[in-house]
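Each value in this text was obtained by applying a stated rule to the coordinates, not by laboratory testing. What you are looking at is a predicted structure, and each value in this text was computed from that prediction instead of being measured. Cβ sites come from the backbone with ideal geometry, for glycine too, and all protein chains shown count toward neighbours.
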Amino acid sequence: MEKHLQHPVFKALANIAKKHNIEAYVIGGYVRDIFLQRPSKDIDIVVLGNGIEFAELAGAQLKAKVAVFKNFGTAMLKLQDLEIEFVGARKESYRSDSRKPIVENGTISDDQLRRDFTINALAISLNEANYGALIDPFNGVEDLYNQLIKTPLDPELTFSDDPLRMMRAIRFASQLNFKIDEPALKAISKQKNRIAIVSKERITDELNKIILSPKPSLGFNYLFDTGLLKLIFPQMANLYGVEVIKGKGHKDNFYHTLQVLDNICETTNDLWLRWAAILHDIAKPATKRFEEGHGWTFHGHEDKGARMVPQIFAQLKLPLNEKMKYVQKLVQLHLRPIVLAQEVVTDSAVRRLLFDAGEDIESLMLLCNADVTTKNEYKVKKYRNNFELVKQKLKDVEERDKIRNWQPPITGNDIMKIFGLGAGKEVGIIKNAIREAILEGDITNTYDDALQFMLLKAKELGLSPVTH
Ligand code: CTP
């Protein structure tokens with residue numbers, strides 16, 4: 001493995017280890033990522049002794065500032081673009097009510113044994129006797145080749161020691177397209193309730209990593225099948241299932257949502273657009289009705305869904321900022337291009353869509369494309385063709401009318417000035433009427449047209465311009 005320790009920092013650390021007679025190893029994700037050919041900037045060093053003292057020796061030698069985390073017994077230094085973390089080898093047991101470990105000094109094998117997965121328990125020696133040797137007591141390399149997430153210890157112990165590892169197992173499986181070893185999977189199902197002691201932020205961090213993986217349905221299927229999803233994000237688990245009345249069923253909205261999510265991942269790496277895919281049908285269970293003679297309907301699920309977004313973001317400790325508003329807007333509008341694509345596409349409908357979606361129109365079109373999951377090839381073709389038509393119209397209308405991020409040519413202030421009005425109902429009525437007339441295409445999007453139209457409208461309201 002020596003050829004993988006090209007960076008001079010490894011030799012420097014090896015010299016410190018030799019000089020002070022302390023054993024040191026590179027361990028964890030950095031070693032795993034060598035095998036996965038994913039160059040990494042985070043290096044974890046484990047020493048048989050005091051990690052903080054070793055870090056301070058390293059800091060002095062490398063002329064780098066050391067950050068010490070006394071409570072965790074770790075220390076970190078930054079060197080160019082590398083982040084190097086030091087810890088003493090541990091032999092740990094965890095308390096059942098918290099994730100904070102009780103630490104004892106251990107050997108390198110003790111330390112490897114207490115790590116989460118065999119693929120994360122690989123170490124490379126920095127010691128003179130066997131510099132560069134791979135130390136792999138739990139066959140982590142074999143599991144990497146077999147694409148298997150497996151725990152070094154009995155999985156029940158590994159997960160009850162630190163329940164966040166249940167999320168990590170699923171996250172690694174999703175990121176790497178690995179399988180979770182059967183006993184480990186059973187242990188997650190059994191211990192799922194222990195997730196309650198993990199902070200929401202940590203859970204959501206892992207959830208976001210699953211969402212950002214190439215095919216998130218892999219992770220979500222594991223979350224659902226183990227029962228974790230119901231605990232951490234019940235609204236999504238509720239999408240599961242098909243009800244049948246009088247021989248009529250509806251599609252399973254959980255698997256549909258996963259399909260939409262996988263679809264959108266082929267066109268975007270944006271976390272929030274991916275969230276919009278997850279949430280686009282979130283209100284279907286709450287709005288589901290069986291209507292005689294018609295079948296299943298989900299009227300208003302886009303409105304109710306948009307209203308559910310802030311509460312879901314708060315519950316998952318996602319940011320309650322413009323990202324949330326973006327997701328909310330996409331959920332609200334997700335049916336609009338489809339409806340458009342089913343009908344004759346009029347200019348005014350396109351103008352309205354552009355006005356409502358503003359700068360998020362491209363995201364909305366991507367979401368709608370991803371939302372086409374029917375197996376009926378004829379329908380897929382029809383939708384895709386119509387979408388192309390809508391896209392072309394959007395382009396034409398945008399070029400002509402510049403509706404995106406549009407402000408009507410006459411502002412509320414203008415109206416107040418022209419008619420000598422204070423802020424009030426009439427200003428809103430006139431403003432709305434101008435906007436509607438432009439969106440409908442009754443008048444052009446110009447000041448002169450808007451002024452003429454406004455004077456007429458004002459007359460109807462019994463208003464006349466004040467002369468200055
Ligand atoms: N680890 C663990 N249990 C945890 C978290 C981490 O055993 N709950 C160990 C693993 O050996 C892991 C190492 O600590 O490889 C470093 O953890 P971390 O930096 O969180 O993850 P990486 O494995 O480096 O992977 P990534 O950077 O993708 O999160």
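What net charge do the residues around L148 carry, taking every other residue with its C-beta under 9 Å from that of L148, with Lys and Arg at +1 and Asp and Glu at -1?
Value of the local net charge: -1.
Could you tell me which residue out of L122, G422, P409 lies farthest along the dipole of the chain toward its positive end? Charges go on the beta carbon: Lys and Arg +1, Asp and Glu -1, centred on the Cα centre.
G422
Express in nm, to one decimal, how much length is gained between H20 and D154 on full extension, taking 0.36 nm for each residue of separation and deducting their alpha carbon distance.
44.7 nm
Below 8 Å, C-alpha to C-alpha, sequence gap of six or more: please give me the relative contact order for the chain in percent.
Here the relative contact order equals 8 percent.
Starting from the amide H of I403, placed 1.01 Å from N in the peptide plane, find each other amide H under 5 Å away whose residue is 5 or more places distant or on another chain.
Amide H neighbours of I403, under 5 Å, 5+ apart: none.
How much FRET efficiency would the formula 1/(1 + (r/R0)^6) give for K186 and K248, where r is the Cβ-Cβ distance and R0 is 45 Å, rounded to 0.05?
0.75
Over all distinct Cα pairs, what is the inverse of the mean 1/r for the stretch 100-167, reported as the Kirkwood hydrodynamic radius in Å?
12.9 Å
Which net charge results when you count Lys and Arg as +1 and Asp and Glu as -1 among the other residues whose beta-carbon is under 13 Å from that of I232?
Within the 13 Å Cβ shell, the charges total +4.
Could you pull out every residue, at least 5 positions away or on a different chain, whose amide H is within less than 5 Å of the one on T268? Hs are placed 1.01 Å off N in the peptide plane, and Pro or chain starts have none.
For T268, no residues qualify.
What does the charge add up to near F419, with Lys and Arg as +1, Asp and Glu as -1, over the other residues with Cβ less than 14 Å from its Cβ?
+2
Pull up the cross-link candidates among the lysines for K11, meaning alpha carbon to alpha carbon under 30 Å and not fewer than 8 places away within one chain.
K3, K19, K41, K63, K65, K70, K78, K91
Which of the three applies to the stretch 246-327, rounded, prolate or oblate, going by the alpha-carbon gyration tensor with a ≥ b ≥ c and a/c under 1.5 meaning rounded?
The shape class here is oblate.
Check F69: other-chain or 5+ apart residues with amide H under 5 Å from its amide H, H built from backbone geometry?
Under 5 Å from the amide H of F69: T74, A75, M76.
Roughly speaking, what is the centre-to-centre gap between the stretch 389-445 and the stretch 184-203 when only Cα atoms are used, to the nearest Å?
The two parts, judged by their Cα centres, are 53 Å apart.
From the convex hull of the Cα coordinates of the stretch 78-229, what is the mean projected area in square nanometres?
Approximately 10.1 nm², given one-decimal rounding.
Taking the alpha carbon gyration tensor of the chain, what are the square roots of 5 times its eigenvalues, largest first, to the nearest whole Å?
Here the semi-axes work out to 57, 29, 20 Å.
Taking the stretch 309-468, how much of its Cα-Cα pair set, in percent, is spaced more than 21 angstrom apart?
Everything past 21 Å amounts to 58 percent.
Please go through the residue pairs K248/K288; K230/K251; K329/K395; K179/K375; K395/K425; K323/K431 and name each one whose alpha carbons sit more than 24 Å apart in this structure.
K179/K375; K395/K425; K323/K431
Between V466 and E436, 0.36 nm times their residue separation minus their Cα-Cα distance comes to what?
8.3 nm
Using the 10 angstrom Cβ neighbour count as an exposure proxy, how do V87, V427 rank, fewest first?
Least to most surrounded, the residues fall as V427, V87.
Count the DSSP beta bridges whose two residues both fall in the chain, then state the antiparallel fraction as a percent rounded to the nearest 5.
75 percent
What residues from the stretch 163-202 fall in the zone where the backbone N is under 13 Å from a label point 7 Å along the Cα-to-C-beta line of Q147?
Under 13 Å, as judged by backbone N against the label point of Q147, lie 173-180 of the stretch 163-202.
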